[in-house]
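Single-structure report; data block below.
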Amino acid sequence: MAERWVATTIGELAQVKGGKRLPAGTSLQDAPTPHPYLRVTDMYNGGVYESDLKFVPIAAAPAISAYRIGADDIFISVAGSLGIVGRVPASLDGANLTENADRLTNIKCDVDYLMYYLLSEPIQNEIDSIRTVGAQPKLALGRIKSFEVKLPASRTDQARISGALRGIDELIHALVGLIGKKQAIKEGVVQRMLSGTVRLPGFTRPWMTASLADVADGRDSHSLVGGPFGSSLTSSEYTVSGVRILQLQNIGDGRFCEGYAVFTSSHKADRLKTCNIYPGDVLIAKMGDPVARACLVPGGADRYVMSSDGIRLAVDERRYDRQLVKELINARPFRDAAEAVSSGSTRKRITLSALRHLTLLLPTDLDEQRAVGGLVADLDGEIDVLERRLEAARAIKQGMMQELLTGRTRLGVEGDAA
């Protein structure tokens, strides 16, 4: 038998209470006390980061003792970053809560069900409408109380739904943790391997220094060029297909990012030959954070066109391994050198002339370059697989929330008739 659903409000399901700032003249401290203090920066959807907690001085604790959050409560941020929703772990039961968040307490339904409902599309869309109003939007306590909620009348049915969502959350958190570990391993390997501190067995020849101009393929007159293309393009020259324009947002930190695809006609690309870039080339960002980050141009097309914020490096593969070159450009020594010759206070920008003289330290032996580049590429591949799994898990969770929290899909129970 299908469960019965009811419509109600947050105010009918829970008490909504505010947090509290420290008394005037008092500051949070790094040294632990029995009174941790939860800021909005400590919060993420579903829970709390515990790595950078601050603490209330013991002398100030009595003045704000009524503004603590329990493990059976739900927090929701109400100022700054609006609508972050989650629960605190048992280890932070009784922590003090910032004035920039409210807590839902004395909850009369399954707590996790209500948390997930607050994270669902209907509530978050309502919060989004508040974000667009005023320079410093605030989510009022009364507004939270008025949020409408739909839920099964049975708490058991609520718990079954929240349990299913909690299961996919646990998978997501496990994947995030595993990706973090893999990235830390890669960072350690890259730091040792790309500095020549650790050598692969069988290679003994000394390493050499080469500038980007040296690395560029001299057989191609456009092997190291910037993309003047972009600002002069009119809207009429954008097309729904043709030659894809690679933009600044496509250049990730070591990886190509799909982003939004923009195209121009083959005719336009033919007239901009110096801006054409090809699969396997290294694409370098002229600006951003970090400046001079690089990725390999993906396959999938015969050619692309660079935007004005890109630099094409066609690597001379007779002497250099492009995978290793890309990694060295993204490594700390090159990155620091690039920032030192960049301009701009808020957003760094580097010129092609400055970039072409920056140097890389790399093996003289091409086979060693390929071995080191291949090792790093294998680590990147493992991380890419995990990131695709994480993206898929998040998509599954979003679909589950849309189906389960609206009642469009009902979870069967053991013993239901077929």
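Here are some pairs, 17/108; 108/150; 17/397; 268/348; 186/286; 186/326; which of them have Cα atoms lying more than 20 Å apart in this structure? Intermediate values should be presented prior to the final figure.
Details: 17/108 15 Å; 108/150 13 Å; 17/397 29 Å; 268/348 30 Å; 186/286 25 Å; 186/326 15 Å.
Violating the 20 Å Cα-Cα cut-off are 17/397; 268/348; 186/286.
Can you list the residues, at least 5 places off or on another chain, whose amide H is less than 5 Å from the amide H of residue 147, using H built in the peptide plane?
So residue 147 has HN proximity to 10, 11.
Highest first, please rank the peptides 136-149, 197-210, 291-304 by the mean number of other Cβ atoms sitting within 10 Å of their residues. Working shown, then result.
Details: 136-149: 14.9, 197-210: 11.6, 291-304: 18.1.
Output ranking for 136-149, 197-210, 291-304: 291-304, 136-149, 197-210.
Nearest 0.05, what FRET efficiency do residue 219 and residue 411 give at R0 = 51 Å with Cβ-Cβ as r? Kindly include the intermediate steps, with their values, before the conclusion.
Values: r = 63 Å, r/R0 = 1.24.
After rounding to 0.05, the efficiency reads 0.20.
Got a sec? Charge dipole of the chain, +1 on Cβ for Lys and Arg, -1 for Asp and Glu; which of 62, 120, 337 is way out at the positive end?
Working it through, the farthest residue towards the positive pole turns out to be 337.
Using a ≥ b ≥ c from the Cα gyration tensor of the stretch 267-328 (square roots of the eigenvalues), is it rounded, prolate or oblate, where a/c under 1.5 gives rounded and otherwise the larger of a/b and b/c decides, a/b for prolate?
Oblate shape, in that a/c is at least 1.5 and b/c is the bigger or equal ratio.
Quick check: from the Cα gyration tensor, does the stretch 351-392 come out rounded (a/c under 1.5), prolate or oblate?
oblate
Name the long-range amide H neighbours of residue 331: under 5 Å, sequence gap of 5 or more, or other chain; modelled H, no Pro or chain starts.
For residue 331, no residues qualify.
Set the Förster distance to 45 Å, then compute FRET efficiency between residue 260 and residue 52 from the Cβ-Cβ distance, nearest 0.05.
Efficiency for this residue pair is about 0.85.
Say we join alpha carbon atoms closer than 10 Å with springs in a Gaussian network model of the chain; which of 129, 342, 223 then has the biggest fluctuation?
Maximum among the listed residues: 129.
Assign one of three labels to the stretch 101-191, namely rounded, prolate or oblate, based on the Cα gyration tensor with a ≥ b ≥ c the square roots of its eigenvalues; rounded applies when a/c is under 1.5, prolate when it is not and a/b is larger than b/c, and oblate otherwise.
Details: a/c = 3.15, a/b = 1.43, b/c = 2.20.
Taking the square roots of the gyration eigenvalues as a ≥ b ≥ c, the stretch 101-191 is oblate.
Given 0.36 nm per residue, what is the gain on full extension from residue 12 to residue 343 after removing their alpha carbon distance, in nm?
Between residue 12 and residue 343, full extension yields an extra 113.5 nm.
Could you compute the net charge surrounding residue 279? Neighbours are other residues with a C-beta less than 10 Å from the C-beta of residue 279; K and R count +1, D and E count -1.
Local charge sum for residue 279: -1.
Charges only on Cβ, +1 for Lys and Arg, -1 for Asp and Glu: so what's the dipole of the chain about the Cα centre, in debye to the nearest 20?
For the chain, the charge dipole is close to 780 debye.
Could you list the square roots of 5 times each eigenvalue of the Cα gyration tensor of the stretch 206-363, that is, the equivalent ellipsoid semi-axes, sorted largest first and rounded to whole Å? Write out the running numbers ahead of the final one.
Values: eigenvalues 131, 62, 35 Å².
Semi-axis lengths for the stretch 206-363 are 26, 18, 13 Å.
Along the Cα→Cβ direction, 7 angstrom out, place labels at residue 65 and residue 183. What is the inter-label distance in nm?
The modelled label-to-label distance comes out at 4.2 nm.
Test of understanding: what is the full-extension gain from residue 90 to residue 352, defined as 0.36 nm times their sequence separation minus their Cα-Cα distance?
Residue separation times 0.36 nm, minus the Cα-Cα distance, leaves 88.9 nm.
Would you indicate which of [x] 185; [y] 205; [z] 221 is the value of volume of the Cα convex hull per residue in Å³ derived from the coordinates of this structure?
Checking each listed value against the structure points to [z].
Within the stretch 1-84, report the chymotrypsin sites (Phe, Trp or Tyr not before Pro) that DSSP leaves as loop and that have at most 13 other Cβ atoms within 10 Å.
Hits after loop and neighbour filter: 49.
Just from its helices, what would the mean residue ellipticity at 222 nm be for the chain, if runs of 4 or more DSSP H residues each count -39500 (n - 2.57) and the sum is divided by every residue, rounded to the nearest 500 deg cm²/dmol?
-10500 deg cm²/dmol
Laboratory data are not the source of any read-out in this text; all were calculated from the coordinates shown. Keep in mind the model is a prediction, meaning the values are calculated, not measured. When we count neighbours, we look across all protein chains shown, and the Cβ atoms used for this are built from the backbone with ideal geometry, even at glycine.
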